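Student: Mind looking over this structure? Questions follow.
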Amino acid sequence: MSALRGLRGLRGLRGGRGGLSRSAWVVSGAVIALVLTACSSGPEKPKPAQLAPVAALMGTTLAWSSQVGASHAMLAPRAVSGRVFAAGGSGTVVALDAATGKDVWRLNLAQPIAVGVGSDGDLAAVITRSNDLVTIREGKEIWRVRLPARSFTAPLVAGKRVFVLTADRTVRAFDGQTGARLWVQSRPAEPLVLSQGGALIAVGDTLVAGLAGRLVGLNPLNGSIRWDAPVATSRGTNEVERLVDVVGPVSRVGNSVCARAYSAAVACIDAGGGTVAWARPAQGTTGVHGDDRLVFGTESDGRVLAWQRTSGESGWQVDRLKHRGLTAPMAVGRVVALGDSLGLVHLLSREDGTEMTRLTADGSAILVAPVLAGDALVVQTRNGGVFAWRPQ
């Protein structure tokens with residue numbers, strides 16, 4: 001277990017430009033996998049599944065493409081109000097017309113971006129590697145605030161406010177016009193913090209945040225807690241095995257919010273009162289998506305699963321994409337879309353997981369779930385390409 005002891009070298013600084021405001025250790029999913037492998041004598045890393053010839057049961061056409069610069073897994077595009085907001089790691093933030101892909105505006109912040117983009121269609125927000133929360137409107141910086149802790153989750157812009165979930169498990173609210181801090185809500189820090197995007201969404205008049213292995217409903221006006229519901233409970237004999245952070249994205253249909261706790265469980269919760277509808281053990285490390293009937297997710301070995309949204313019972317399972325480094329899925333129309341680490345986008349039937357077609361972007365890995373912009377499916381690649389396809 002020497003690898004576990006080595007985690008102590010990952011401990012974040014307290015406060016400062018790149019640290020955490022409270023004692024916590026930042027650890028990535030890759031480190032967790034390394035630690036667990038070091039504690040066992042498992043086989044070599046499995047090779048990605050070989051794919052059969054593409055089925056091409058539906059037609060698509062590439063509508064447009066753009067470029068934002070080399071990206072990473074915490075830079076996810078955001079589609080809202082007829083625009084696609086995206087950011088590149090070196091500092092570019094762009095708003096694209098969702099119909100044509102043309103720049104509405106483009107801004108270079110001239111410093112690396114750690115997390116983004118959040119937007120309500122008007123105001124866009126990103127977080128730099130210097131822990132600056134930066135807001136932009138029509139290509140001009142409006143204000144910036146230095147955060148006291150790192151963040152791995154895109155800011156949420158809603159109700160003329162900007163909400164931030166930081167790695168010390170604190171939710172902060174800022175005035176969207178001025179950047180003035182409105183309130184702070186914290187919960188006791190856990191020993192480990194996962195360096196992966198979490199859950200932060202608006203459900204009616206409630207702000208829902210993932211804090212450790214729980215979803216918490218907050219009053220967006222003052223930060224008071226309305227309800228607190230478990231997605232998974234902490235288990236195991238060491239700090240790595242007990243890590244149960246909620247990871248994004250989450251699936252919301254009305255008041256039903258379904259989420260995944262990292263490598264532990266998937267659960268659906270009624271955000272009206274915070275009651276847990278169901279929870280099922282699951283070993284995935286990315287978020288979930290779905291519709292009013294099914295919730296879709298990918299397991300860490302590449303299996304794609306569907307659960308019944310109302311009961312949590314199994315819907316279907318697909319094994320043919322194993323070990324391909326799948327993103328979280330996105331349900332759109334009659335398909336479920338997900339990217340892989342080899343640069344492909346897979347479109348599966350929502351009914352039974354049958355392959356409908358397969359898309360190729362620029363050949364680099366797709367690290368985050370696709371998004372829907374109008375009638376277009378949009379993905380962002382590691383090389384910074386933003387691609388949109390439409391059904392024929």
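The values are calculated or read from the model by the stated rules, or taken from the named source; none is laboratory data. This one's a predicted model, so the numbers in the text were calculated from it and none came from an experiment. Ideal geometry is used to build each Cβ from the backbone, glycine not excepted, and the neighbour counts take in all protein chains shown. Note: areas computed on protein heavy atoms with side chains; ligands, DNA, RNA excluded. Shrake-Rupley method; radii C 1.70, N 1.55, O 1.52, S 1.80 Å.
Student: Among G272, G287, which is in a loop (DSSP other than H, G, I, E, B), open to solvent by less than 50 Å² (accessible area, probe 1.4 Å), in contact (Cβ under 8 Å) with a residue 12 or more places away in the chain and closer than 29 Å to A173 by Cβ?
Tutor: Result: G287 is the single residue among G272, G287 that is in a loop (DSSP other than H, G, I, E, B), open to solvent by less than 50 Å² (accessible area, probe 1.4 Å), in contact (Cβ under 8 Å) with a residue 12 or more places away in the chain and closer than 29 Å to A173 by Cβ.
Student: Do we find a residue being in contact (Cβ under 8 Å) with a residue 24 or more places away in the chain, out of contact with any helix residue (DSSP H, G or I) (no Cβ under 6 Å at 6 or more places or on another chain), outside any strand (DSSP E or B) and open to solvent by 20 Å² or more (accessible area, probe 1.4 Å) anywhere in segment 205-219?
Tutor: no
Student: Something else now. Pick out the one residue from T128, T178, T153, T135 that is farther than 26 Å from Q67 by Cβ and at pLDDT 95 or above.
Tutor: Step by step, each of T128, T178, T153, T135 is checked, and only T178 is farther than 26 Å from Q67 by Cβ and at pLDDT 95 or above.
Each row is one residue, and each column tells you yes or no for (1) under 23 Å from F174 (Cα atoms); (2) touching a Gly at 6+ places or on another chain (Cβ under 8 Å); (3) touching a residue at least 60 places away in the same chain (Cβ under 8 Å).
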{"site": "V68", "(1), (2), (3)": "no, yes, yes"}
{"site": "S81", "(1), (2), (3)": "yes, yes, no"}
{"site": "G101", "(1), (2), (3)": "no, no, yes"}
{"site": "R106", "(1), (2), (3)": "no, yes, no"}
{"site": "L109", "(1), (2), (3)": "yes, yes, no"}
{"site": "I113", "(1), (2), (3)": "yes, yes, no"}
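Student: I'm trying to understand the selection: among the residues of segment 251-267, which are open to solvent by 20 Å² or more (accessible area, probe 1.4 Å), of a type outside the set (G, A, S) and not in a loop (DSSP other than H, G, I, E, B)?
Tutor: R252, V253 - these are the residues of segment 251-267 that are open to solvent by 20 Å² or more (accessible area, probe 1.4 Å), of a type outside the set (G, A, S) and not in a loop (DSSP other than H, G, I, E, B).
Listed here are the residues, each with its yes/no results for (1) in contact (Cβ under 8 Å) with a residue 24 or more places away in the chain; (2) part of a loop (DSSP other than H, G, I, E, B); (3) touching a Leu at 6+ places or on another chain (Cβ under 6 Å); (4) surrounded by fewer than 24 Cβ atoms within 10 Å (Cβ to Cβ).
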{"site": "L305", "(1), (2), (3), (4)": "no, no, no, yes"}
{"site": "G312", "(1), (2), (3), (4)": "yes, yes, no, yes"}
{"site": "L326", "(1), (2), (3), (4)": "yes, yes, yes, no"}
{"site": "D362", "(1), (2), (3), (4)": "yes, yes, no, yes"}
{"site": "A388", "(1), (2), (3), (4)": "yes, no, no, no"}
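Student: Scan segment 269-281 residue by residue and report those that are in contact with a Ser or Thr (Cβ under 8 Å, 6 or more places away or on another chain) and farther than 10 Å from P230 by Cα.
Tutor: Answer for segment 269-281, where residues must be in contact with a Ser or Thr (Cβ under 8 Å, 6 or more places away or on another chain) and farther than 10 Å from P230 by Cα: D270, A271, A277, W278.
Student: Could you check how many residues of segment 158-173 are open to solvent by less than 10 Å² (accessible area, probe 1.4 Å) and outside any loop (DSSP other than H, G, I, E, B)?
Tutor: Count: 7.
Student: Please determine, by comparing only the residues of segment 290-303 that are out of contact with any His (no Cβ under 9 Å at 6 or more places or on another chain) and of a type in the set (G, A, S), which one is surrounded by the fewest Cβ atoms within 10 Å (Cβ to Cβ).
Tutor: Pass one, segment 290-303, residues out of contact with any His (no Cβ under 9 Å at 6 or more places or on another chain): 290-294, 298-300, 303.
Adding the requirement that they be of a type in the set (G, A, S) leaves 290, 300.
Values: G290: 26, S300: 17.
Top of the filtered list is S300.
Student: Mind checking which residues of segment 268-321 are more than 24 Å from L211 (Cα to Cα) and hydrophobic (A, V, I, L, M, F, W, C)?
Tutor: L294, V304, L305, A306, W316, V318, L321
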